[in-house]
Amino acid sequence: MKRRDFLLVTGAAIGATVAMNAAAQPAAPTDANAYRRMRRTVDLPCGRIAYAERGQGEAALFLHGAPLNGFQWRGALDRLAPYRRCIAPDFMGLGYSQVPERQSVAPAAQVAMLADLLDALHVGQVDIVASDSGGAVAQLFLVRHPDRVRTVLLTNCDTEPNSPPPMIKPVLDMANAGTLADDTSKWLTDKNLARATFGAAVYHDPAGLTDANIEYYVAPMVSTPLRRKQYHDFHKALAPNPLAGIEAALRRSTVPVRMLWGASDKIFPVADAAYLDRVFPRSQGICQVPEGKLFFQEEFPDVIAEEARRLWGIA
């Protein structure tokens, strides 16, 4: 081989190696300020929907829990953007999406919003990654739009036998009484309170719920009387059970589904993952995160990325 050709081949190989290493190891984690700059909006029939997007190619849709927003998935987006066009919307009634007063924020309406969002972004099929109440919406979306779903990765979330879970009854009671937003807004002035109560319940290490993260999650939901009402409405719509009667349809699904479960979560125990494993005909089984609580996705993004890539068939 001539020296010039050798240098060209060697340079290409080195470039490919550098590119692969860069894809596997994001330079810096996305923080609240970076995510804010990443956030976009799109006007849909239901209102102005906020979302973050990174990457190219086949799309992956990330559905968050409550009272969070798409920022929950920032670590996963950092790691999976080299492999997918990652889209993380904010549900109506949470986060930075803005919808009119009469717009429903119930799970079925969230499904319709997601379908419109994918249409607006020219996305056909998606791989869904979901958490908490977002997992309930994922199951409803799968039943309503089976041809638009390639795979589903479910983390701790509602199931038909456990929706809404008994442990969130105090939250639903406050929503029905109209006091939930007042209680949540206290976290903005006493962030240690947020970590000692909410944080301790849903994170392995509540210290990871930083002041900036609390601001990013809480501020939009309590910013106006309308947003406070919609925050309440989101929770009020979780009862009666939005998944009632869904099991038969899930049993007919032909989509590969994998459960990735925080085993230390008392709200959605591993028994819920076992139920889903029995119900989905193409279940790919269960992976447990021993220290994980409800929102372990923020604390263990490497596990999310590893399981997603395995489900997607990416080495």
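Every read-out reported here was derived from the displayed coordinates using simple, explicitly stated rules and does not represent laboratory data. Not measured: the values here are computed from a predicted model. FYI the Cβ positions are ideal-geometry reconstructions off the backbone, even for glycines, and counts take in every protein chain you see.
Segment 33-105: which trypsin sites (Lys or Arg not before Pro) are DSSP loop and have at most 13 other beta-carbon atoms within 10 angstrom?
Working: sites: Arg36, Arg37, Arg39, Arg40, Arg48, Arg54, Arg74, Arg79, Arg84, Arg85, Arg102; in loops: Arg39, Arg84, Arg102.
Hits after loop and neighbour filter: Arg102.
Roughly speaking, what is the stretch gain from Arg37 to Thr189, that is 0.36 nm per residue apart minus the C-alpha to C-alpha distance, in nm to one decimal?
52.3 nm is the gain from fully extending Arg37 to Thr189.
Semi-axes of the chain's equivalent ellipsoid from the Cα gyration tensor, sqrt of 5 times each eigenvalue, largest first, rounded to whole Å? Please list the in-between numbers first.
Working: eigenvalues 215, 105, 78 Å².
Its equivalent ellipsoid spans semi-axes of 33, 23, 20 Å.
Which ordering of His232, His145 is given by a fewest-first count of other beta-carbon atoms within 10 Å?
On the way: His232 22, His145 16.
Fewest to most other Cβ atoms nearby, the residues stand as His145, His232.
Which is farthest toward the positive dipole end of the chain among Tyr35, Thr159, Val218, measuring Cα position about the Cα centre, with Cβ charges +1 (Lys, Arg) and -1 (Asp, Glu)?
Highest projection toward the positive end goes to Tyr35.
Quick check on the chain: of the DSSP beta bridges with both residues there, what percent are antiparallel, nearest 5%?
Expressed as a percentage, antiparallel bridges in the chain total about 30.
Write out the trypsin sites (Lys or Arg not before Pro) in segment 223-253 meeting two conditions: DSSP loop, and at most 16 other Cβ atoms within 10 Å of their Cβ. Please list the in-between numbers first.
On the way: sites: Arg227, Arg228, Lys229, Lys236, Arg251, Arg252; in loops: Arg252.
Passing sites in segment 223-253 are Arg252.
How big is the Kirkwood radius of segment 64-142, worked out from every pair of different alpha carbons and given in Å to one decimal?
13.1
Can you pull the one-decimal nm distance between simple spin-label points at Ala115 and Ala315, each 7 Å off the Cα toward Cβ?
3.9
Quick one: Ile214, Ile49, fewest Cβ neighbours within 10 Å first, how do they rank?
Arranged by neighbour count, lowest to highest, Ile214, Ile49 become Ile214, Ile49.
Taking the Cα atoms only, what angle lies between the long axis of helix 301-312 and the longest principal axis of the chain, rounded to 10 degrees?
That helix lies at roughly 70 degrees to the long axis.
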